[in-house]
């Protein structure tokens, strides 16, 4: 398997356009659709996700990502973590908790609301 770094989303915390169809000063262009920030690293058979945006299910399906070994969190805000519940099928598939990494503050916040990660 090839090594690969994929930017899954690069939009703001609301994505673009917003749910209200607001696009700000962006031109009406189909390319001005941005999902929320998230990235994926494929290093051989190792699959690492950076953040779990609320758009993560769509991002994984669009990019045909089928495995997940661990998640790195940049911070605990909802726009970076709200998609964590979409990761449950990897917990079931791997039959083990998903290792997560980040600051102690971020890890504490996540462990308060979920039980399928380390």
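What's the ranking of 44-52, 28-36 by average number of surrounding C-beta atoms within 10 Å, highest first? Could you put the intermediate results ahead of the total?
On the way: 44-52: 18.0, 28-36: 12.4.
Per-residue mean Cβ counts within 10 Å order the peptides as 44-52, 28-36.
Can you check what the Kirkwood hydrodynamic radius comes to for the stretch 4-113, Cα pairs only, in Å to one decimal?
On the way: mean 1/r = 0.0682 Å⁻¹.
The Cα-based Kirkwood calculation yields 14.7 Å.
Does the stretch 37-82 come out rounded, prolate or oblate by the C-alpha gyration tensor, with a ≥ b ≥ c the root eigenvalues, rounded set by a/c under 1.5 and, if not, prolate when a/b is larger than b/c and oblate if not? List each step's numbers first, then the result.
Working: a/c = 2.69, a/b = 1.38, b/c = 1.96.
Because a/c hits 1.5 or more and a/b fails to exceed b/c, the stretch 37-82 counts as oblate.
Looking at the stretch 63-105, what % of the alpha carbon pairs are farther apart than 15 Å?
Numbers: 424 of 903 pairs.
Percentage above 15 Å: 47.
Nearest 500 deg cm²/dmol is fine: what mean residue ellipticity at 222 nm does the chain get from its DSSP H runs of n ≥ 4 alone, each adding -39,500 (n - 2.57), divided by its residue count? Intermediate results must be reported in sequence, preceding the final value.
Details: 4 runs with 28 residues, N = 118.
My calculation for the chain gives -6000 deg cm²/dmol from helical runs alone.
Roughly what angle does helix 104-113 make with the longest principal axis of the chain, taking Cα atoms, 0 to 90 degrees, to the nearest 10?
With rounding to tens, the tilt is 90 degrees.
Each value in this text was obtained by applying a stated rule to the coordinates, not by laboratory testing. What you see is a predicted model; the values in this text were computed from it and never measured. A quick note on method: Cβ atoms are made from the backbone with ideal geometry, for glycine too, and the neighbour counts reach across all protein chains shown.
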